[in-house]
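Visitor: Before I ask anything, let me first share the structure, which is written out below as C-alpha cells.
Each value in this text was obtained by applying a stated rule to the coordinates, not by laboratory testing. Since we're looking at a predicted model, the values are computed, not measured. Positions of Cβ are generated from backbone atoms using ideal geometry, with glycine treated the same way; all protein chains shown enter the neighbour counts.
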Amino acid sequence: MRKIWMIIWKEMIHLKRDKRSMIIVFVLPLSMIILYGYAISFDLKGIPTGVVCFDRSPFICDLIFSLSASLYFKIINFDSPEKLYEALKGGRIKCGFIFPPNFSKDRISKGFGEVQVLIDSSDGNLGKKIQDTIQRFFMKSEINIRFLYNPELKSRNFIIPGLMVVLMTLLSVVIMTRSIVGEKERGSFEMLSSTPLKSNTIIFGKIIPYGFIAFINVFIVTGFSFVIFRIPFRGSLLALAFYSLIFLFPTLSIGAMISSYAKTELTALLASYLYTMLPSIILSGFIFPIENMPKWLQPITFFIPATHFLKIVRGIFLKGINFFPNESIALFSLGIFYFIFTIRGVRRKVN
C-alpha cells in the first residue's frame, strides 16, 4: 500500500508541474461550455427582416411595431421591392414583407388584407420556423408566402454545401499539420530550417502542394454532391474555383500555425480537431444562425474561415451569386493573420 501511495504522490507532483495538462483538463471544458452553450440555440430571435410599406396608415405602423417588439424580427425598412430582393439574395435579410397601398383599408372593410411575404429558404428548417412565427401575427388568408432559393425546403440542399465546407476545412488543416509535425519528429524540418532559406519561403513551399491537393478535392466533392444528391448548382464553376483558392490560404495557414507550435503529431491532431472541427460546425453558421448568437460571440465567428466560405458556397450553389467582395477580403485577411503567427512560430523554433 505504501508503494502505491508513493506512486500517487509522484503523479501528483508531476500533474502540479504539468500546467498545460491542467489547463486542458479544467479551462478547456469550461471555455467550450460557455462558447457553445450560447451558440447552440434553436430559438428564433432577431431575424433580419426587410419591410417595404406602401401603406402609411397608423394601423400598419402599429403592426410593424408589434413585429419589432416581439424580438423575433429585426426590422429594416426598404424603399422598393427591388432593393428588398437584392438584400435577400445577398443574405443581409432572411425574410421580407411587402404591404400594398390598400392593406389597412381592406382589413377594415373586408376583414382581411393581403401581404406578400418572401422567405430565404436556403436553410429549409429556418424557413419553416419563420413561416410558423409569421402566422402568429397574421390570419392565414392574409399572407401570401413565397419561399426563395429552396422552394421545396429540402434540408439536404442546405446541409450538403455546408458539410463540404466543414470537411474541406478539416482536411486542409490535418494534411498540413501532419506534414510539418511528421518532419519535425523525424528531424528533417530542423535541417531544412538551418538552410539559408527564409521561414516564409519554407512555409509557402509547403502550403502550395497541399493547397493543390485540397483544391482538386473541392471539385471531386462538388461533383459527388451534384451527381449523387442532386444539389442545385446555380452559380459559376470558375467563381467556385477562385474562392476555393482564397479559402485554402487561411485553412492551410492554420494547419501550419498549429504544427509550428505543437511538439508531437498527437498534440497537433488534437489541436486541429478542437480549433477547426467544433468551431466550423457550431460557430460558422453551418447549423445554427450566427444572428441568433449573443452579440459578444458574433465577432469570434469572424476568425473562422468556414464562416465566410459557407456564405460563398451556399450563395454559388443555391442563389447563383458569383461575386463576394466582403467574404474574399475577410478570407485573405485571415490568411495573412494566421500566416504571420506561423512565421513567428517557425522562427521561435529555429532560434
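Visitor: Evaluate the charge dipole of the chain about its Cα centre and quote only its size in Debye, nearest 20, assuming +1 on the Cβ of each Lys and Arg and -1 on the Cβ of each Asp and Glu.
Guide: My answer is approximately 1140 debye.
Visitor: Provide the percentage of antiparallel DSSP beta bridges, counting only those with both residues in segment 9-150; round to the nearest 5.
Guide: Once the DSSP bridges in segment 9-150 are tallied, antiparallel ones form about 20 percent.
Visitor: Counting Lys and Arg as +1 and Asp and Glu as -1, each charge on the Cβ, what is the dipole of segment 172-223 about the Cα centre in debye, to the nearest 20?
Guide: Dipole magnitude for segment 172-223 comes out near 40 debye.
Visitor: Summarise the long-distance tail of P(r) for segment 271-351 by giving the % of C-alpha pairs beyond 17 Å.
Guide: 56 percent
Visitor: Turning to a different aspect of this structure: Give the average over all directions of the projected area of the C-alpha convex hull of segment 132-228, one decimal, in nm².
Guide: One quarter of the hull surface, i.e. the mean projection, equals 10.5 nm².
Visitor: Can you give the log10 of the normalised intensity I(q)/I(0) at q = 0.14, 0.16, 0.25 Å⁻¹, computed with Debye over equal Cα scatterers of segment 1-98?
Guide: -0.70, -0.81, -1.21
Visitor: Same structure again: Largest first and to the nearest Å, give the Cα extent of segment 203-318 along each principal axis.
Guide: 44, 39, 23
Visitor: Oh, and also: Once every DSSP H run of n ≥ 4 in the chain is given -39500 (n - 2.57) and the sum is divided by its residues, what mean residue ellipticity at 222 nm do you get, rounded to the nearest 500 deg cm²/dmol?
Guide: Value at 222 nm, helices only: -20000 deg cm²/dmol.
Visitor: So which aspartates and glutamates pass the test for K129, namely a Cα distance under 16 Å, with those fewer than 8 places away in the same chain ruled out?
Guide: List returned: D43, D120, E152, E291.
Visitor: Is there a quick way to get the dipole size of segment 76-197? I mean about its Cα centre, with the Cβ of Lys and Arg at +1 and of Asp and Glu at -1; what is the value in debye to the nearest 20?
Guide: 380 debye
Visitor: Within straight cross-link reach of K198, meaning Cα distance under 16 Å, which aspartates and glutamates are found once same-chain residues fewer than 8 apart are removed?
Guide: Answer for K198, where 16 Å is the Cα cut-off: E190, listed by chain and number.
Visitor: Which whole-number percentage describes the relative contact order of the chain, with Cα contacts under 8 Å and a sequence gap of 6 or more?
Guide: About 19 percent, as a whole number.
Visitor: Picking from K105, K19, K154, which is most flexible by a Gaussian network model of the chain using Cα springs under 10 Å?
Guide: Ranking K105, K19, K154 by mean-square fluctuation puts K19 first.
Visitor: Students often get this wrong, so check it: of K89/K311; K45/K74; K45/K94; K45/K89, which have C-alpha atoms separated by over 19 Å?
Guide: Going by Cα-Cα distance, K45/K89 fall outside the 19 Å limit.
Visitor: For the chain, max minus min Cα coordinate along each principal axis, in Å, sorted largest first?
Guide: Between the extreme Cα coordinates on each principal axis of the chain lie 88, 57, 35 Å.
Visitor: Taking the dipole about the Cα centre of the chain, with the C-beta of Lys and Arg at +1 and of Asp and Glu at -1, give me whichever of A262, L248, Y338 is farthest to the positive side.
Guide: A262
Visitor: Which one, N217, N292, L318, is farthest towards the positive end of the dipole of the chain when Lys and Arg carry +1 and Asp and Glu -1 on their Cβ?
Guide: Checked the options; the winner is N217.
Visitor: Continuing with the same structure: When the Kirkwood hydrodynamic radius is evaluated over all pairs of different C-alpha atoms of segment 1-45, what value in angstrom, to one decimal, is obtained?
Guide: After inverting the pairwise mean of 1/r, the radius is 13.3 Å.
Visitor: What is segment 226-351's relative contact order, in percent, from Cα pairs under 8 angstrom and six or more apart in sequence?
Guide: Taking the mean separation of contacting Cα pairs over the length of segment 226-351, I get 44 percent.
Visitor: When DSSP beta bridges are limited to those with both residues in the chain, what percentage is antiparallel, rounded to the nearest 5?
Guide: Expressed as a percentage, antiparallel bridges in the chain total about 20.
Visitor: Between F224 and A241, what length comes free when the chain is fully extended (0.36 nm per residue of separation minus the Cα-Cα distance, one decimal in nm)?
Guide: In short, 4.5 nm is gained.
Visitor: Same structure, new question: Between W5 and K74, what FRET efficiency comes out of the Förster formula 1/(1 + (r/R0)^6) with R0 = 45 Å and r the beta carbon distance, rounded to 0.05?
Guide: Step by step, r from the Cβ atoms, then E = 0.15.
Visitor: Right, here's the next one. What is the percent of Cα-Cα separations in segment 191-246 that go past 16 Å?
Guide: Result for the distance tail: 57 percent.
Visitor: Collect residues whose amide H, placed 1.01 Å from N in the peptide plane, falls under 5 Å from the amide H of I145; neighbours closer than 5 in sequence don't count.
Guide: V117
Visitor: Something else now. What do the square roots of 5 times the Cα gyration tensor eigenvalues come to for segment 137-291, in whole Å, largest first, as semi-axes of the equivalent ellipsoid?
Guide: Those come to 40, 17, 12 Å.
Visitor: Then there is this: What is the Cα radius of gyration of segment 56-118 over 2.2 N^0.38 Å, N being its residue count?
Guide: Here the answer is 1.18, to two decimals.
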